[in-house]
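Undergrad: My questions will all concern the structure given below.
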Amino acid sequence: MPRSAAALLLGSLLLAGPASAHEVGAWAGASSAPAERSEVAVAAIDGKAYVVGDYNGATELLIYDLARDSWSRGAAFPYPVHHTMAVGQGGRIYVFGGYVNGWEATDKVWAYDPKTNAWEPRAPLPTARAAGGATLLGERIHVVSGSVSGRKNTPVHEVYDPARDSWSTAASLTTPRDHLSVQAIDGRIVAVGGRVDGNSGANLTTNQVYDPGKDAWTEAAPLPTARSGTASAVLGQDVYVIGGESKEKTYDEVEAFDLPKNFWRSLARLPSARHGFGAVTYDGRIYTIVGSPKPGGFKSGTVEVFDPKGEPAVR
């Protein structure tokens with residue numbers, strides 16, 4: 001049964017992750033996904049989050065109503081894909097690249113229209129790749145770095161115009177990587193964390209910012225905890241980087257980057273450490289959706305919600 005926002009806030013007192021004196025915010029549980037997934041792309045439009053792809057081959061589209069805390073299913077993606085990238089824009093969900101047939105990077109691009117519950121092919125990526133980052137800046141979608149077939153990193157930065165169904169190129173990412181977080185904020189793009197050539201033993205703290213006016217990347221304050229396979233979202237003036245993995249563990253760290261101040265802060269920890277998941281912002285909260293609780297190809301249906309105004313648990 002759908003849960004009210006009040007119930008989420010009450011639940012946060014029970015589920016809030018460990019927090020030290022400098023950590024703020026609280027976590028609440030929400031309705032689990034109807035199927036367990038990992039290595040997904042998650043994007044939101046019109047109050048709903050869409051979960052695309054799966055490391056274990058599931059193709060059914062999972063749809064989460066953020067206001068009602070309820071799930072439904074949509075038309076299956078055209079083929080199994082994992083480590084794909086997705087962005088919501090103009091009433092559609094756009095899905096870029098990913099791995100198919102095991103670890104073959106694809107250049108395919110698809111658009112899902114909730115009104116018709118159908119997928120439509122769009123102009124392919126100029127560079128086939130997976131495990132990169134994608135974000136909406138203005139009316140265009142920037143697809144940044146990732147890996148080609150064989151998991152070798154590519155620095156390419158390509159820009160998709162949904163209105164024209166066309167591509168252009170922008171300045172390559174200074175430090176190529178995969179499994180990174182990419183978010184647009186304050187007219188710029190933040191690319192943070194990730195790993196080298198698919199190796200979770202080579203995680204990075206690298207944080208680079210793209211200025212479209214200068215078509216250039218610059219270095220910014222590094223991520224405090226080297227991680228890859230994170231989820232990320234923008235809330236207020238901050239880019240939140242959540243969870244992730246290394247070869248040895250999954251992470252529960254939640255660290256937020258203030259772009260104007262070039263400063264990181266820690267927040268209440270993710271109750272269920274995981275990687276290969278997604279996050280979206282809705283009504284002043286961040287929703288983290290599915291993901292693997294262990295390094296590698298495990299999966300879950302976990303949904304947990306962060307309220308920056310919630311009171312952390314007392315230890």
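The values are calculated or read from the model by the stated rules, or taken from the named source; none is laboratory data. Not measured: the values here are computed from a predicted model. Backbone-built Cβ (ideal geometry, glycine too); neighbour counts: all protein chains shown. These area figures cover heavy atoms from the full protein model, side chains too; ligands, DNA and RNA do not enter into them. Shrake-Rupley method; radii C 1.70, N 1.55, O 1.52, S 1.80 Å.
Undergrad: Among Tyr287, Val148, Gly301, which residue has its Cα positioned farthest towards the positive end of the charge dipole of the chain, with +1 placed on the Cβ of Lys and Arg, -1 on the Cβ of Asp and Glu, and the dipole taken about the Cα centre?
TA: Sorting the options by dipole projection puts first Gly301.
Undergrad: Under 5 Å between amide H atoms, partner at least 5 residues away or on a different chain: which partners does Leu259 have, H built in plane at 1.01 Å?
TA: Val239
Undergrad: For segment 221-271, what number results from the quotient of the Cα radius of gyration and 2.2 N^0.38 Å? Working shown, then result.
TA: On the way: Rg = 10.7 Å, N = 51, 2.2 N^0.38 = 9.8 Å.
Taking the Cα Rg and dividing by 2.2 N^0.38 Å, one obtains 1.09.
Undergrad: If DNA, RNA and ligands are ignored and the probe is 1.4 Å, what is the ranking of Thr135, Thr281 by accessible area, most exposed first? It would help to have the intermediate numbers written out before the result.
TA: Details: Thr135 10, Thr281 55 Å².
Highest to lowest solvent-accessible surface, that is Thr281, Thr135.
Undergrad: With a 1.4 Å probe and all protein chains left in place, how much accessible area per residue does segment 38-307 have, in Å²? Don't skip to the end; give the middle numbers.
TA: On the way: 9650 Å² over 270 residues.
Normalised by residue count, the accessible surface of segment 38-307 is 36 Å².
Undergrad: If I model a spin label at Glu104 and Ser168 as a point 7 Å from the Cα along the Cα→Cβ vector, what separation in nanometres do I get?
TA: Here the answer is 3.3 nm between the modelled labels.
Undergrad: Based on the Cα coordinates of the chain, what is the per residue volume of their convex hull in Å³?
TA: On the way: hull volume 35.4 nm³, N = 315.
Per residue, the Cα convex hull of the chain comes to 112 Å³.
Undergrad: On to the next question. Expressed in nm to one decimal, what extension gain is obtained for the pair Tyr79 and Asp258 from 0.36 nm per residue of sequence separation less their Cα-Cα distance?
TA: This chain segment gains 60.6 nm when fully extended.
Undergrad: Over the chain, what percent of the accessible surface lies on carbon and sulfur atoms, probe 1.4 Å? Spell out each step's value before the answer.
TA: Details: 6280 of 12400 Å².
Reported share for carbon and sulfur atoms: 51 percent.
Undergrad: Also, quick follow-up: Using the alpha-carbon centroid of each, what span in Å lies between segment 221-270 and segment 133-199?
TA: Computed from Cα coordinates, the inter-centre distance equals 18 Å.
Undergrad: Now a separate question. P(r) for segment 44-120: what percent of alpha-carbon pairs falls in each 5 Å bin, starting at zero?
TA: All Cα pairs considered, the percentages come to 3, 16, 28, 26, 16, 8, 2, 0.
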